[in-house]
Structure formats: C-alpha cells, structure tokens
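Every number here is computed from the coordinates shown, using simple stated rules; none is lab data. It should be emphasised that the depicted structure is a prediction, and the values quoted were computed from it without experimental measurement. Note: ideal-geometry Cβ built from the backbone for every residue, glycine included; neighbour counts use all protein chains shown.
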Amino acid sequence: MGFADILECTIDFEGQKLAEQLTHYLLVLSGIASFIAGYSMHSMQMLLIVFAAGLALTALVVIPPWPMYNKHPQPFLQPQDTNEKKE
C-alpha cells in the first residue's frame, strides 16, 4: 500500500453535494454564533475564537472522506479487451 493509496479520498456526487451543504450551514451557523458571543461579551477576541472553533469543526466534518459521503458510488464501465476482433 503506497502513499497515494493512503491519501485516496473517494466520495460520490451525492457526497459532494452533502459536504457542500454542510460547509455552508456550519459556516453560517458559526458566524452567527461568533457574532452573538462577541457582541454579548464586547470582545473581538471571543468572536474570533468562536469562529475559529466553528471553522475547525467544519473542517473536521467536511474534509475527511467519511463513509456517509460515499453511499451512492458511481458505477464505471468495465474495461474492454482491445485485442478482440470486431465482426
């Protein structure tokens, strides 16, 4: 098993759609939560900490190829033998 096999990240088209939706929802939610936390505590530092935590959570949920992103794999055509004569 080579290094490229370890880094192989296989997700299907539905998984890509789900990952994109989760990215949007989690980033918007973390932005709203960070604004509320920063505004209520009058702290820009708290705003940045809460948003960084939301960004880290989003990266943890979206970047790895979790099995939920590969529930609908796309079947590929089988390779054809080119040595066979066409009749």
(message) Given points 7 Å out from each Cα along the Cα-Cβ axis, report the GLN80 to MET68 separation in nanometres with one decimal.
(response) 4.1
(request) Using only Cα positions of the stretch 14-63, each an equal point scatterer, no hydration layer, compute I(q)/I(0) via Debye at q = 0.24, 0.25, 0.26 Å⁻¹ and quote the log10 values to two decimals. (result) -0.77, -0.81, -0.85
(request) Can you tell me what the convex hull of the Cα atoms of the chain projects to on average, as an area in nm²? (result) 9.2
(message) Among LEU57, SER43, LEU18, which residue has its Cα furthest toward the positive end of the charge dipole of the chain, with +1 on Lys/Arg Cβ and -1 on Asp/Glu Cβ?
(response) SER43
(request) Using θ = phi - 60° and the Karplus relation 6.51 cos²θ - 1.76 cosθ + 1.60, list the HN-Hα couplings for the stretch 47-55 in order, rounded to whole Hz, with x at every Gly or Pro. (result) 4, 5, 5, 5, 5, 5, 5, x, 5
